[in-house]
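Participant: What follows is a structure written as structure tokens; I'll ask about it next.
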Amino acid sequence: MATTVKIPSAAKAKKYFQDKMAFTTGPVELERWVKQGQPVHIVDVRAAEDYAEGHIPGAVNLPKTEWDNAKLVKAKLDKKKINVLYCYSQVCHLAATAAVEFAKQGYPVMELDGGWRWWKNDGFDIEK
């Protein structure tokens, strides 16, 4: 049985990619924003032991085990900056899950495409 390729709507594609660009960023852009002093706050949502082994410089750790602690969330997120969230890799949905949770609480959020794996594999600085 042959698969028929459906031509997607150009208008829907435009909206999808505009939304994607508004709520995701890549390692190169994030590094530039940090160097330029842009209002970004980097949040690593991986497990604490993985954060301790290495993370993006300046990132705070907010693992899922802490998301229900309102005081910790308030202490580790910033409502006046874009909270750029990252997890393990492109296929990890932990950062996207966190983005939904924190956006519901009024925090501006973005997801780092590729997560920790892309950051590390692209040779960007690492902090321990």
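Participant: Just Tyr107, Tyr16, Tyr88 to compare: in a GNM of the chain, with alpha carbon springs under 10 Å, which one fluctuates most?
Facilitator: Tyr16
Participant: May I pose another question? How much mean residue ellipticity at 222 nm does the chain get from its helices, if each DSSP H run of length 4 or more adds -39500 (n - 2.57) and you divide by all residues, to the nearest 500 deg cm²/dmol? Please list the in-between numbers first.
Facilitator: Working: 6 runs with 55 residues, N = 128.
Rounded to the nearest 500, it is -12000 deg cm²/dmol.
Participant: Find how much the distance from Glu49 to Ile126 grows on full extension, using 0.36 nm per residue of separation minus their present alpha carbon separation; answer in nm with one decimal.
Facilitator: Details: separation 77, 0.36 × 77 = 27.72 nm, distance 1.51 nm.
Result: 26.2 nm gained on full extension.
Participant: Would you mind ranking Met110, Met21 by Cβ crowding within 10 Å, fewest neighbours first? Spell out each step's value before the answer.
Facilitator: Working: Met110 20, Met21 10.
If I rank by nearby Cβ atoms, fewest first, I get Met21, Met110.
Participant: Would you pull out the residues with amide H under 5 Å of His41's amide H, same chain only if 5 or more places away, H placed 1.01 Å from N?
Facilitator: The list, which skips near neighbours in sequence, is Ile82, Asn83, Val84.
Participant: Return the distance in nm (one decimal) between the two label points of a simple spin-label model at Lys6 and Asp78, each offset 7 Å from Cα along Cα→Cβ.
Facilitator: Output for this residue pair reads 4.3 nm.
Participant: Now for a different question. Along the Cα→Cβ direction, 7 angstrom out, place labels at Thr97 and Arg32. What is the inter-label distance in nm?
Facilitator: Calculated label separation equals 3.2 nm.
Participant: Here's something else I'd like to know. Can you run phi through the Karplus equation (6.51, -1.76, 1.60; θ = phi - 60°) for segment 39-46 and list ³J(HN,Hα) in whole Hz, with x for Gly and Pro?
Facilitator: So the J values, rounded to whole Hz, are x, 10, 10, 8, 10, 8, 9, 6.
Participant: For the chain, with only Lys/Arg (+1) and Asp/Glu (-1) charged at the beta-carbon, what is the dipole magnitude about the Cα centre, in debye rounded to 20?
Facilitator: Working: 19 positive and 16 negative charges, 126 e Å.
I would put it at about 600 debye.
Participant: Using r as the Cβ-Cβ distance of Lys15 and Gln105, and R0 as 30 Å, what FRET efficiency do you calculate, to the nearest 0.05? Kindly include the intermediate steps, with their values, before the conclusion.
Facilitator: Details: r = 26 Å, r/R0 = 0.86.
The calculated FRET efficiency here is 0.70.
Participant: Determine the gain in length on full extension of the stretch Trp67-Arg117; use 0.36 nm per residue of separation and subtract their C-alpha separation, reporting nm with one decimal. The partial results should precede the final answer.
Facilitator: Details: separation 50, 0.36 × 50 = 18.00 nm, distance 2.26 nm.
Here the segment from Trp67 to Arg117 would lengthen by 15.7 nm.
All of the numbers you see were taken from the coordinates with simple rules; none came from a lab. Treat the numbers as computed from the prediction; the structure is a model and nothing was measured. Virtual Cβ from ideal backbone geometry, glycine too; neighbours counted across all protein chains shown.
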